[in-house]
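The values are calculated or read from the model by the stated rules, or taken from the named source; none is laboratory data. Since the model is a prediction, treat every value here as computed from it, not as a measurement. Positions of Cβ are backbone-derived with ideal geometry, glycine not excepted, and every protein chain shown enters the neighbour counts.
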Amino acid sequence: MVRRLAAAALLFALAAVTSLALWAPPPAARAQAVDVYINVTGGDKSKKINIAVPDFTLIAGTDQAVPKLLASVIGNDLTLSGFFSVVAATGSIPANNPAALAQTWTAFAAAGAHAGVHGLLAIRGDRLEAEMRLYDLTTPEHRLIASRKFESPAPQSRRLAHKISDEIVLQFTGEPGVADTKLAYVVGPPGSKEIVVADYDGAGAGNVTRNASINLSPSWSPDARSIAFTSFMNGYPDLFRLFPFERQRPVQTLASFVGINSSPGWSPDGRYLALTLSKDGNPEIYVLTLATGVLQRLTRHAGIDTEPTWSPSGQQIAFVSDRAGQPRIYVMDKDGSNVRQLTSGGFHTQPRWSPKGDPIVYTQRSGTHDLWAISPGGSSPRQLTSGGGDNQSATWAPDGRHLAFQSNRTGRWQLFFMTVEGQTTTQVTQGGNEATSPSWSPRLP
Amino acid sequence: MLTRALYATLSSLLLTGLIISGCAKKPATTASTSAPAPAVAPAPAPRATPPAAAAPSTAAPAPAPAPAPLAGPAAARPSPKEFAAVDALKDVHFEFDKYDIRPEDVKTLDANASWLKSNAENLVLIEGHCDERGTNEYNLALGERRAKATMNYLVSQGVQANRITIISYGEERPVCNEKTDSCWAKNRRAHFLVKPR
């Protein structure tokens, strides 16, 4: 914890120094002796660490595309992390040439870079071996901050890049990045919705359901190995889970009672699933113990109770109830006791408890839908999105800092990222199909 | 050019970060992190296959543990596909975010009840629907309440409860796709389908 706070202080201080540097913009530099071309990227760098990520140096193998891909994916990851501004670069640093390396870093430093990533790559058969060397370009000697080796199967080059990115974020912030994660989400028009899994940046999207019915509410298990979801595949809205990395493994039925079986919410330890069932008359929240199949009913109310989301301690559950006339956010203890109303004066659904404990993000409807955040203790709510159509269905990244959500600001539902501070949003999914209901996976094992 | 003072400031800041990192974290190592073993694997699970559907370049974490027991029995529910619409049974509609029967729909429901009583060989499926406003999970619950409220009214009019099945489609099956009040009003409905016993 001490380390994390200190890292935050470092970033803050760096931001101040960087803005000083902007008063006297360094000339765009071009390294002469080595095949690296650089220039400073546009955009707001006042709060970011400027980092250079040249193409990886290929030390074994012949596929020139992989060294470029790694640098490109890492650059995008670092940008999406929100901590970095990536200094554009083309070309790679020659292998085993300290003079060329020094000259490259000197040129990048002159262009405003605070840090540089020298990646080395060996392609050996169907394996990739990479080494990431991270340099502090603000020191005259270009101090080596860290060096780390990685391996991966050749077809998983993007994942290799994501792991390297997460290591770089770790070195600067004290917590790994969230690039080595997945998004599960719903694709398709009303009446025909399937669940898709993609890398967190939208790459490599592929169906994990193909049952030609309506599939809703994907939710990653805390071990990142299964996805709970609601499906009409057997005619009625039942609750299932699928195993996206085990192709032969059949879908498992979790709940198929009379009425609705919906809104899966995993406990942080993965042992329990909170869910909504209407088998006892109207939509109520229950907790299913996965190892035994035992159900415990938590709510007893004539209105709608649904959308349970656990606190990271596993001790409390936030949920939606219309018991006050309109849907609002409530919190109860995990056994259903001690219910208290968290939000008031609006139409509030989709509570999502931060994996860091604070805040709870939810969707408010007032004409259009927007994301809001409130402390579990009930502070004044804070609006996270505004304008640009509807913004809803938030999901937290495991860092408790990034959110993905769906927005129709482009005219069709697509997925976007933002940080909880409400900084710049980035579109994740593109294309003709509508994308909704994202669930951000935990960091992959 | 960055000034020497600036360099010194940045250096000391970065150095601070490094020292902190160095103290609190395991030193950077050359260990591979490509394929860590699962934390727990209680039973030999099926072998994981890279998910062709989920992109060949994506990760394939280790297999998950064996499935837990199922929760609850699959109830004997007639397949919704076996039901078909009949002209005699008319939809009823609802106000936004409401599930009570509107006074103007009572006549329609009475007629539906009357038809069902005189066609006792039929089972009825009541679908509850919502407009696209609100959010999916809430609307699934809201559609359930609409279907249930409709069922309760029919039962109060003498239709046997054991002839009635309900289903909520939430906002997932609109009959009208425009973003207008009149379109939304059409979508907030209870719809009736029947099948012979």
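Numbers below:
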read-out	value
Unique residue being part of a loop (DSSP other than H, G, I, E, B), within 10 Å of chain A (Cβ to nearest Cβ) and crowded, with 22+ Cβ neighbours inside 10 Å when the list is B:Glu137, B:Glu172, B:Glu132	B:Glu172
Segments classed as strands (runs of 3 or more DSSP E), wholly inside the stretch A:213-283, with at least 1 members that are small (Gly, Ala, Ser) and facing another protein chain (nearest Cβ under 10 Å)	A:215-220, A:252-255, A:261-266
From the options A:Ser147, A:Ser152, A:Ser165, A:Ser217, residue that is in contact (Cβ under 8 Å) with a residue 60 or more places away in the chain and not assigned by TED's automatic domain parsing to the domain that holds A:Gly270	A:Ser165
So A:Leu290, is it touching a Gly at 6+ places or on another chain (Cβ under 7 Å), touching a residue at least 12 places away in the same chain (Cβ under 8 Å) and facing chain B (nearest Cβ under 10 Å)	no
Counted residues, the stretch A:85-124 - those being buried (at least 17 other Cβ atoms within 10 Å of the Cβ), in contact with a helix residue (DSSP H, G or I) (Cβ under 8 Å, 6 or more places away or on another chain) and over 11 Å from A:Val53 (Cα atoms)	4
Hey, A:Leu101 more than 19 Å from A:Ser152 (Cβ to Cβ) and part of a helix (DSSP H, G or I) or not	yes
Residue, surrounded by the fewest Cβ atoms within 10 Å (Cβ to Cβ), within the stretch A:316-333, restricted to residues that are away from chain B (no Cβ under 14 Å) and free of Cβ contacts under 8 Å to residues at least 60 places away in the same chain	A:Asp333
Matching residues, the stretch A:174-205, being hydroxyl-bearing (Ser, Thr, Tyr), within 10 Å of chain B (Cβ to nearest Cβ) and touching a residue at least 60 places away in the same chain (Cβ under 8 Å)	A:Thr181
Boolean, A:Ala52 is touching a strand residue (DSSP E or B) at 6+ places or on another chain (Cβ under 9 Å), modelled with pLDDT of 95 or more, within 14 Å of chain B (Cβ to nearest Cβ) and surrounded by 15 or more Cβ atoms within 10 Å (Cβ to Cβ)	no
Selection from the stretch A:199-245 of residues that are of a type in the set (D, E, K, R) and within 18 Å of the chain's Cα centre (by Cα)	A:Asp199, A:Asp201, A:Asp223, A:Arg225
Condition broken by A:Ala203, with the remaining ones in (1) surrounded by fewer than 24 Cβ atoms within 10 Å (Cβ to Cβ); (2) assigned to a strand (DSSP E or B); (3) in the same structural domain as A:Thr276 (by TED's automatic domain parsing) satisfied	(2)
Subset of the stretch A:309-345 that is part of a strand (DSSP E or B) and β-branched (Val, Ile, Thr) - its residue that is nearest to the chain's Cα centre (by Cα)	A:Thr309
Only one of B:Ser57, B:Ser114 that is of a type in the set (Ser, Thr, Tyr), surrounded by 13 or more Cβ atoms within 10 Å (Cβ to Cβ) and modelled with pLDDT under 95	B:Ser57
Conditions (1) part of a loop (DSSP other than H, G, I, E, B); (2) closer than 21 Å to A:Pro359 by Cβ; (3) among the polar types (S, T, N, Q); number of the one not met by A:Thr306	(1)
